[in-house]
1. Inside the stretch 253-311, can you point out the residues that are open to solvent by 50 Å² or more (accessible area, probe 1.4 Å), hydroxyl-bearing (Ser, Thr, Tyr) and closer than 23 Å to GLY137 by Cα?
2. Which residue, of VAL15, VAL20, is within 22 Å of ILE87 (Cα to Cα), in a helix (DSSP H, G or I), of a type outside the set (D, E, K, R) and modelled with pLDDT of 95 or more?
3. Determine which single condition PHE240 fails, assuming it passes every other condition in (1) closer than 23 Å to PHE178 by Cα; (2) buried (at least 21 other Cβ atoms within 10 Å of the Cβ); (3) at pLDDT 95 or above; (4) out of contact with any helix residue (DSSP H, G or I) (no Cβ under 8 Å at 6 or more places or on another chain).
4. Let me spell it out: the conditions are (1) touching a Phe, Trp or Tyr at 6+ places or on another chain (Cβ under 7 Å); (2) closer than 17 Å to ILE7 by Cα, and ALA111 meets all of them except one. Which number is the exception?
5. I'm trying to understand the selection: among the residues of the stretch 266-293, which are aliphatic (A, V, I, L, M) and within 16 Å of LEU211 (Cβ to Cβ)?
6. Find the helices (runs of 4 or more DSSP H) located wholly in the stretch 76-182 whose residues include 2 or more that are within 22 Å of VAL279 (Cα to Cα), and list them.
7. Give the residues of the stretch 42-60 that are part of a strand (DSSP E or B) and open to solvent by less than 40 Å² (accessible area, probe 1.4 Å), sorted by residue number.
Amino acid sequence: MSNSLRIGIAGLGTVGAGVVKILAGRGEHLAAACGRPLELVAVSARDRTKDRGIDLSGVRWEDDPMALASADDIDLVVELIGGSEGIARELLEAALKAGKHVATANKALIAHHGTALARLAEGAGVALNYEAAVAGGIPIVKTMREALAGNEIRSIHGILNGTCNYILTEMETTGRDFADVLKDAQALGYAEADPTFDVGGIDAAHKLAILASLAFGTEVDFANVHVEGIEKISSTDIAFAKDFGFKVKLLAIAEKSDKGIVQRVHPALVPEGTPLAAVSGVYNAVAVDGDRVGHLVLEGRGAGEGPTASAVLSDIVDIARGLIVPPFIVPATKLKAPATPLMDTHKSSFYLRLRAVDRAGSMAAITRALAEASISIERIVQRGGKGDESGRLPVVFVTHETDESTMARARALLAEHEDVAGTPLVIRIEDGELR
């Protein structure tokens with residue numbers, strides 16, 4: 001098949017097997033859609049003997065994935081190994097230098113090395129496609145690259161990690177705490193045995209760094225993403241948020257102002273009734289604010305065999321059709337230098353939960369300390385009862401708008417206060433842009 005797009009796949013896990021199934025099951029439809037056949041020539045994975053539920057007869061097996069980069073009968077290398085370094089990076093660099101197209105689901109690799117890989121791809125005149133690296137089956141990369149090209153993007157707000165969204169949803173609906181729900185998520189396969197990248201916010205930060213580059217024309221800048229996870233969120237916080245008319249979500253936010261660009265991943269209180277508040281379970285969503293299109297929200301499954309394999313196939317189809325575009329919309333040589341991180345200047349209202357010593361005058365002393373730290377209080381909620389085993393009572397403050405640095409100083413001050421036990425928990429309140 002001289003006109004076929006000849007494909008080599010590195011990595012035959014859940015997603016890789018899903019890609020093979022789609023190529024086999026929809027081959028005729030895809031050939032008609034692309035104007036040429038899609039031919040799976042070779043694959044590579046760790047274990048040749050593993051039963052993956054796919055038919056690889058007639059497909060060459062390469063023990064070394066690097067062989068895909070040098071093979072004369074492969075036009076496109078699909079990388080589904082994962083990881084920001086090691087063999088995945090070596091394979092992509094070798095494939096691009098050899099003039100082969102690349103499609104990948106590797107968000108860590110693109111977040112850390114996307115700019116350099118884009119330069120290699122453009123220098124060789126080949127494609128570097130990574131739709132499956134961000135938000136699974138949601139076509140956000142293609143939307144940003146093509147459909148929104150006529151817009152100046154002002155902000156992106158995303159729920160980009162299904163594990164965290166599942167845990168927070170279950171905490172809300174069942175009243176259970178984080179550690180308990182995490183165990184269930186691991187048992188169901190929604191969380192890894194080591195869930196650090198997910199619950200710590202790193203996975204979402206990888207995806208946000210990619211989206212920020214697409215949105216604002218900057219080099220991919222993962223190093224300057226502010227990252228917080230959901231490990232410290234308790235059922236108490238979920239309940240307080242509900243009383244206030246909010247839901248707790250792990251948000252990934254990139255926004256542009258006259259001062260620069262802020263990239264941040266952290267738990268946030270999101271108003272009930274807004275699109276992102278309604279996203280539950282393992283679903284992802286991305287809300288884009290453009291100067292022409294206004295607010296646009298895309299929602300769907302953010303991971304799993306079907307959605308992610310679907311995203312990989314969309315990249316393959318584009319390449320088969322000859323659609324080769326700069327990976328980050330504008331040529332890599334024209335991407336702006338990474339923006340100076342401006343997290344300290346970000347302003348919002350804050351949810352502040354602390355454990356107060358149960359004695360006369362403690363609340364007055366705490367509120368006085370907050371006033372001295374230039375924090376204006378909108379609301380105070382103190383629930384009755386005997387407190388915890390040490391006699392501390394949970395107290396929640398909702399502040400008026402203030403900046404990050406002021407809130408950080410106030411939090412540090414309270415952590416040392418004689419009427420406060422431990423370090424207070426702070427959650428940002430995201431309101432205006434989400435309504």
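1. SER280, TYR283, SER310
2. VAL20
3. So the condition that PHE240 fails would be (3).
4. Of the numbered conditions (1) touching a Phe, Trp or Tyr at 6+ places or on another chain (Cβ under 7 Å); (2) closer than 17 Å to ILE7 by Cα, the odd one out for ALA111 is (2).
5. Listed by number, the residues that qualify are LEU276, ALA285, VAL286, ALA287, VAL288, VAL293.
6. In the stretch 76-182, 162-174 are the helices (runs of 4 or more DSSP H) which contain 2 or more residues that are within 22 Å of VAL279 (Cα to Cα).
7. Those that are part of a strand (DSSP E or B) and open to solvent by less than 40 Å² (accessible area, probe 1.4 Å): ALA42, VAL43, SER44.
The values are calculated or read from the model by the stated rules, or taken from the named source; none is laboratory data. Every value quoted in this text rests on a predicted model; they were computed, and no experiment measured them. Ideal geometry is used to build each Cβ from the backbone, glycine not excepted, and the neighbour counts take in all protein chains shown. For the accessible areas, the whole protein counts, side chains as well, though only heavy atoms, and no ligand, DNA or RNA atoms are used. Shrake-Rupley method; radii C 1.70, N 1.55, O 1.52, S 1.80 Å.
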